[in-house]
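No value in this document is a laboratory result; all are computed from the given coordinates. Please read these numbers as outputs of a predicted model, since none were measured by experiment. For neighbour counting, all protein chains shown are included, and Cβ atoms are generated from backbone atoms with ideal geometry for every residue, glycine included.
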Amino acid sequence: MAVTSRALELRRAGVDVISMSVGEPDFDTPPHIKAAAIRAIEAGKTNYTPVNGLPELREAVSAKFARENGLHYAPEAVTVTSGGKQALFNAFFALLNPGDEVLIPAPYWVSYPEMVALTGAVPVPVPTTPESGFQLDPGELEARITPRTRMVVLNSPGNPTGAVFPPEVLEAVAALAQRHGLMIVTDEIYEHLVYDAEQVSIGRYAPDHTLTVNGASKAYAMTGWRIGYAGGPREVIAAMNALQSQSTSNASSVSQYAALAALTQPAETARFTEQARRAYRERRDHIVAGLNALGLPTPTPQGAFYVMADTGRLHPDELEAARLLLEQARVAVVPGTDFAAPGRVRLSYATSLESIGEVLRRIAGVLEH
Ligand code: PMP
């Protein structure tokens, strides 16, 4: 927060700061999706929808899970939410009691432990290492299971690590969940952004123990539309719907029609996701090579659009390193502090190759002084 507000302050003062801190695609929402929303507005489809989403959208999500993920969730076992974030929030509040323990591989996306803590449950980090590309070791997970453990949160491809968990790791985690009676909440919001690995849904291995969360934000460049969804055991979905009916009621009707077009025009949508994937991959290769060449060791992430650079060469403390990058290089990054990634900062490469080139030049300039 401190870095972000300082970046804004500098910008207001006319300093040209390049932001590598945002977590959203820099692409525009594809035209066929926008057109569907415009048609929905013009046709007056602007009323409340069912709490769990339009029936045709839940059918489309159910078909998507089967087509792309090999998951079999009936439309009644699917719920539509205001962003993936609300699906996660509803899931944690539906499933957790105060004192329950939740295993979360670290580095993690900051909202998982915060949401878990809001319910009164206890987040338990499971460490991973940069040497392994932040791969999850199921043994490390098992070592932290206690009688109070209730849930495992997975995020693959992961924010901020970009790690993609391979099928054998997912199978091992699924077996642990079954053996210990744990629920797996898997956040697959970056599933389309995978470069040299295979994205597999853990729900295939333990369907009764898995809630699969996904959404339109990252896949279809739709962050502002606020559409997420989840599929899982019916009683879990029912509890999530009960919560949602007393909070937001339903996701925006117009946005639901937009998401419907994204899911029911798969050929057009795939053209966009393929093109985006190629662009991100090129950017990833460029930024990883550049940061390593500057002496800021950075593992090659297999997915999502973030890198985790070791900033020891700039400063041993990542918060100070982030401050130096902002004040001297005029590059805004996120210090790893809140992701449980000491000594590292996160850079998002959802930005142009030109900006990445300029960022690397600016950092090189600071290192030379
Ligand atoms: N999960 C992860 C890992 C994310 O990085 C984000 C966005 N930063 C979300 C979920 C939430 O996305 P949304 O609510 O826009 O669907």
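Some values worked out for this structure:
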item	result
Beta bridges by DSSP in the chain, antiparallel share as percent, to the nearest 5	45
Shape call, the chain: gyration tensor on alpha carbons, a/c limit 1.5	oblate
Binned Cα-Cα distance frequencies in segment 243-369 - 10 Å width, integer %	12, 34, 22, 19, 12, 1
The chain - percent relative contact order, Cα under 8 Å, separation 6 or more	24
Sites His369 and Gln275 - FRET efficiency at Förster radius 35 Å, r taken between beta-carbons, to 0.05	0.35
Charge dipole magnitude, Cβ of K and R +1, D and E -1 - segment 1-146, Cα centre, debye nearest 20	560
Distance between modelled label sites at Ser352 and Arg179, nm, 7 Å Cα→Cβ extension	5.3
For segment 353-369, 3J(HN,Hα) per residue [Karplus equation, 6.51 cos²θ - 1.76 cosθ + 1.60, θ = phi - 60°, Hz, x = Gly/Pro]	4, 4, 4, 4, x, 5, 4, 5, 5, 5, 5, 4, x, 5, 5, 6, 8
Cα-based shape type of segment 1-129, given that a ≥ b ≥ c are square roots of the gyration tensor eigenvalues and the cut on a/c is 1.5	oblate
Lys/Arg +1, Asp/Glu -1 at C-beta; segment 47-264 dipole; positive extreme among Ala87, His209, His72	Ala87
Qualifying GluC sites (Glu not before Pro) for segment 155-199 [loop in DSSP, other Cβ within 10 Å: at most 16]	Glu198
Gain upon complete extension [Asn97, Glu140; 0.36 nm per residue less C-alpha separation]	13.1 nm
Size-normalised alpha-carbon gyration radius of segment 235-299, reference 2.2 N^0.38 Å	1.87
Helix 83-95 axis, angle to the chain major axis (alpha carbon atoms, nearest 10°)	60
Calculated [θ] (222 nm, deg cm²/dmol) that DSSP helices of n ≥ 4 give over the chain, each run adding -39,500 (n - 2.57)	-13000 deg cm²/dmol
Sites matching trypsin sites (Lys or Arg not before Pro) across segment 289-336 that sit in DSSP coil, with at most 15 neighbouring C-beta atoms within 10 Å	Arg313
Solvent-free Debye scattering, log10 I(q)/I(0), computed from the Cα coordinates of segment 47-264 at q = 0.17 Å⁻¹	-1.19
Additional length obtainable on full extension of the chain from Glu320 to Arg361, 0.36 nm per residue less Cα span	12.8 nm
Exposure proxy order (Cβ contacts within 10 Å, fewest to most) of Arg226, Arg234	Arg234, Arg226
Residues in segment 117-135 reached by a label modelled at Ala239 [backbone nitrogen below 17 Å; 7 Å Cα→Cβ]	117-123
Cβ charges +1 (Lys, Arg) and -1 (Asp, Glu), total dipole of segment 127-244, debye	540
Share antiparallel - DSSP beta bridges, segment 93-230, percent rounded to 5	15
Taking Tyr73, Tyr48 and counting other C-beta atoms within 10 Å, the order from fewest to most	Tyr48, Tyr73
Gain on full stretching of the segment that runs from Ala267 to Ala66 - 0.36 nm per residue minus C-alpha separation	70.7 nm
Those trypsin sites (Lys or Arg not before Pro) in segment 27-58 that DSSP places in a loop and that have at most 16 other beta carbons within 10 Å	Lys45
Exposure proxy order (Cβ contacts within 10 Å, fewest to most) of Asp187, Asp310	Asp310, Asp187
Spin-label model distance (nm) - Leu8 vs Phe27, 7 Å beyond Cα toward Cβ	2.9
For the chain, size of Cβ-based charge dipole, Lys and Arg +1, Asp and Glu -1, in debye	700
